[in-house]
Amino acid sequence: MTPRLRLQPEAVGLGMTSQRVRDRLVERLREAGITDESVLNAIRTVPRHLFVDEALATRAYEDTALPIGHSQTISQPWVVARMTEALLQGGPKKVLEIGTGSGYQAAVLAALGLEVYTVERIGDLLRQARKRLRQLGMNVRSKHDDGRIGWPEHAPYDGILVTAAAPALVEALVQQLAVGGSLIAPVGGASSQSLVKLTRRADGGVDETVLAPVVFVPLLSGTLD
Ligand code: SAH
């Protein structure tokens with residue numbers, strides 16, 4: 001006998017978070033110019049729907065930023081992919097992220113086998129991110145602090161990702177880069193930002209390139225509970 005009321009997979013969210021839906025996001029990122037297979041694979045593997053509120057889970061595999069509370073957002077998958085791809089070019093082992101937010105970008109980095117350190121200024125977001133990362137068995141070291149000072153105790157880093165925008169690159173972070181390491185950060189104000197990649201040369205100089213126009217929430221000072 002067919003039950004009269006059958007819940008459609010979409011109705012319980014399963015259809016919208018299935019492997020097929022994730023594969024579709026990966027195809028979309030590929031069409032949008034992401035070529036690093038290890039990055040595409042990490043995006044395919046990490047369950048983005050577990051990094052947003054349940055009410056938004058059905059939208060987790062759209063290529064869009066989503067709210068995570070405290071006026072913050074989980075970045076758009078294309079931006080996560082582009083930043084990660086740029087970071088991997090230097091063959092990093094140990095990386096620092098500023099702006100843990102939901103923990104999704106940190107999870108993508110951990111899925112790539114990197115040694116990940118991440119700093120978040122909003123305690124409530126960090127507690128939720130830690131819980132998710134722990135539940136997924138991901139080994140990420142995190143700290144509640146103003147990330148504009150970096151995390152000097154573990155420096156130098158082979159790569160640093162900043163996931164909030166500032167008017168200029170933060171000098172303390174540049175100082176925590178290893179020789180050959182890269183800092184990838186959005187630079188600009190509320191209306192216009194560019195994703196910038198700075199690489200530290202052996203002769204003490206730096207190379208800077210602009211990767212793409214982006215939109216990030218601002219890098220703010222101090223901490224909040
Ligand atoms: N990488 C995150 C995106 C988070 S949005 C993710 O994958 O979900 C940017 C985050 O940067 C916010 O959580 C915000 O609170 C945090 N942030 C802003 N200024 C900061 C600072 N000075 N130090 C640390 N975190 C900061």
**OP:** Check 24, 30, 48, 44 and return the single one that is in contact with a Phe, Trp or Tyr (Cβ under 9 Å, 6 or more places away or on another chain), of a type outside the set (Ser, Thr, Tyr) and more than 13 Å from the ligand (Cβ to nearest atom).
**Re:** 24
Original post:
Which of the following residues is surrounded by 12 or more Cβ atoms within 10 Å (Cβ to Cβ) and in contact with an Asp or Glu (Cβ under 8 Å, 6 or more places away or on another chain): 196, 179?
Top reply: 196
**OP:** Would you please name the residue that is farthest from residue 156 (Cα to Cα), looking only at residues in the range 69-100 that are open to solvent by 50 Å² or more (accessible area, probe 1.4 Å) and among the small types (Gly, Ala, Ser)?
**Re:** 71
Subject >> Options 126, 66; residue that is open to solvent by less than 10 Å² (accessible area, probe 1.4 Å), out of contact with any helix residue (DSSP H, G or I) (no Cβ under 8 Å at 6 or more places or on another chain), more than 16 Å from residue 185 (Cα to Cα) and without any contact (Cβ under 8 Å) to a residue 40 or more places away in the chain >> reply: 126
**OP:** Working only within the range 116-154, note down all residues that are under 14 Å from residue 99 (Cβ atoms), away from the ligand (no atom under 11 Å from the Cβ) and either more than 16 Å from the chain's Cα centre (by Cα) or not hydrophobic (A, V, I, L, M, F, W, C) (or both).
**Re:** 117
Original post:
Restricted to the range 101-115, and to residues that are near the ligand (Cβ under 6 Å from one of its atoms) and either at negative phi or free of Cβ contacts under 8 Å to residues at least 24 places away in the same chain (or both), which residue is surrounded by the most Cβ atoms within 10 Å (Cβ to Cβ)?
Top reply: 104
**OP:** Select from the range 175-222 the residues that are out of contact with any Pro (no Cβ under 9 Å at 6 or more places or on another chain), touching a residue at least 12 places away in the same chain (Cβ under 8 Å) and among the hydroxyl-bearing types (Ser, Thr, Tyr) and list them in ascending order.
**Re:** 199, 209, 221
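The values are calculated or read from the model by the stated rules, or taken from the named source; none is laboratory data. What you see is a predicted model; the values in this text were computed from it and never measured. Glycine gets a Cβ as well: all are built from the backbone with ideal geometry, and neighbour counts include every protein chain shown. Side chains are part of the model used for accessible areas, which takes the heavy atoms of the whole protein and leaves out ligands, DNA and RNA. Shrake-Rupley method; radii C 1.70, N 1.55, O 1.52, S 1.80 Å.
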